[in-house]
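A quick write-up on the structure given underneath.
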Amino acid sequence: MTHTKIALVTGANKGIGLEIARRLAQSGVAVLMGARDMRRGRDAASALAGAGLDVEAIGIDLNDETTIAAAAENIAARYGRLDILVNNAGIVDAADGPPSAAPIAAARRLMETNFIGTLAVTQAMLPLLRRSRAGRIVNLATTLGSLAINGDPTSPYYEARLIGYNASKAALNMLTVQLAAELRGTSIAVNSVAPGYVRTDLTAHNGFMTPEEGARLPVEYALLGDDAVSGRFVEPAGNAPW
């Protein structure tokens, strides 16, 4: 008998995270939907469970390490392992801007959540992922986190000077690179996946893609088989430059 895969998706109560949770559950994965606000988390999980999907909400706040530790203990006690970690939760800050003008408080908040918070979740879940036959970590990245693209005057993203957000996602890419190297020779694959420009609350509903479309690539990498690649930075068009 094959065991159902267990997944944790952070920030899963709305946007891309909600669609990632839905698609994973539709693929037969038992999904723990991480949410900072448990009321919203339960509402989102109830909607998916009502469609017959194996999901439930779990409290996890990237800026509160006690919630991260509690979530890890909960998963360990109930399942003994974790097969898939999708680090989806992240923020933007309306005050963010170019390096000369972005408020330090905004840059610090972005780094604390998007990078430090994701690092904290990853460290807490790694012992559980090591117990999986084939662990998968998907870090939700963005083309804006590419140093090459930020420095390319011909890129359509060249003028998107958001030092806090872009730097936090570049740091997330460093986590992918270093963790993939550290885990070489294990059954855990780690990749940065840029879903594309998706219409969500995060983008003030600007963008070219629906959340359903944006969930496609992260789910594909969450479900990579035994020949999984690791240490990649990918976007819908293919490999993205670091």
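The values are calculated or read from the model by the stated rules, or taken from the named source; none is laboratory data. This one's a predicted model, so the numbers in the text were calculated from it and none came from an experiment. Note that we place each Cβ from the backbone using ideal geometry, even for glycine, and neighbour counts take in every protein chain shown.
List the pairs whose first member sits in segment 99-116 and is in a loop (DSSP other than H, G, I, E, B), whose second member is among the small types (Gly, Ala, Ser), and whose Cβ atoms are under 6 Å apart, counting only residues at least 6 apart or on separate chains?
Matching pairs, first to second residue: ALA102/GLY164; PRO103/ALA95.
Could you list, in sequence order, the residues of segment 223-242 that are under 21 Å from LEU183 (Cα atoms), in contact (Cβ under 8 Å) with a residue 60 or more places away in the chain and not in a loop (DSSP other than H, G, I, E, B)?
Within segment 223-242, PHE233 is the sole residue that qualifies.
Would you confirm whether or not segment 34-45 contains a residue that is at pLDDT 95 or above and within 22 Å of ARG131 (Cβ to Cβ)?
yes
For residues that are of a type in the set (Gly, Ala, Ser), under 22 Å from ASP54 (Cβ atoms) and surrounded by 15 or more Cβ atoms within 10 Å (Cβ to Cβ), tally how many sit in segment 64-92.
The number of residues fulfilling the criteria is 5.
Taking the condition of being crowded, with 18+ Cβ neighbours inside 10 Å, outside any loop (DSSP other than H, G, I, E, B) and of a type outside the set (S, T, N, Q), how many residues in segment 172-201 meet it?
So the count comes out to 8.
Do any residues in segment 15-41 that are at positive phi have Cβ atoms under 6 Å from those of residues that are not in a helix (DSSP H, G or I), where the two are at least six apart or on different chains, and which pairs are they?
Going by the 6 Å Cβ cut-off, the qualifying pairs are GLY15/THR200.
Determine, yes or no, whether ALA49 is touching a residue at least 60 places away in the same chain (Cβ under 8 Å), over 21 Å from the mean Cα position of the chain (by Cα) and either more than 30 Å from ARG161 (Cα to Cα) or crowded, with 17+ Cβ neighbours inside 10 Å (or both).
Taking the combined requirement at face value, the residue does not satisfy it.
Hey, can you tell me all the residues within segment 26-40 that are in a helix (DSSP H, G or I) and under 24 Å from MET111 (Cα atoms)?
Of everything in segment 26-40, just one residue is in a helix (DSSP H, G or I) and under 24 Å from MET111 (Cα atoms), namely MET38.
When you check LEU85 against the structure, is it over 27 Å from VAL229 (Cβ atoms) and modelled with pLDDT of 95 or more, yes or no?
Taking the combined requirement at face value, the residue does not satisfy it.
For PRO218, which of the numbered conditions (1) at pLDDT 95 or above; (2) farther than 24 Å from ALA12 by Cβ fails to hold?
(2)
If the Cβ limit is 8 Å and pairs must be 6+ apart or interchain, which residue in segment 150-165 that is assigned to a loop (DSSP other than H, G, I, E, B) pairs with which residue that is among the acidic types (Asp, Glu)?
Between residues of segment 150-165 that are assigned to a loop (DSSP other than H, G, I, E, B) and residues that are among the acidic types (Asp, Glu), the close pairs are TYR158/ASP152; LEU162/ASP96.
Those residues that are in a loop (DSSP other than H, G, I, E, B) and more than 14 Å from THR10 (Cβ to Cβ), I need them from segment 41-81; list them, please.
Matches in segment 41-81: GLY50, ALA51, GLY52, LEU53, ASP54, GLY80, ARG81.
Run LEU85 past the list (1) without any contact (Cβ under 8 Å) to a residue 12 or more places away in the chain; (2) within 15 Å of ALA21 (Cα to Cα) and report the number of the one that doesn't hold.
In the conditions (1) without any contact (Cβ under 8 Å) to a residue 12 or more places away in the chain; (2) within 15 Å of ALA21 (Cα to Cα), LEU85 misses (1) alone.
Does SER146 qualify as being more than 24 Å from ALA21 (Cβ to Cβ) and crowded, with 19+ Cβ neighbours inside 10 Å?
Criteria met by SER146.
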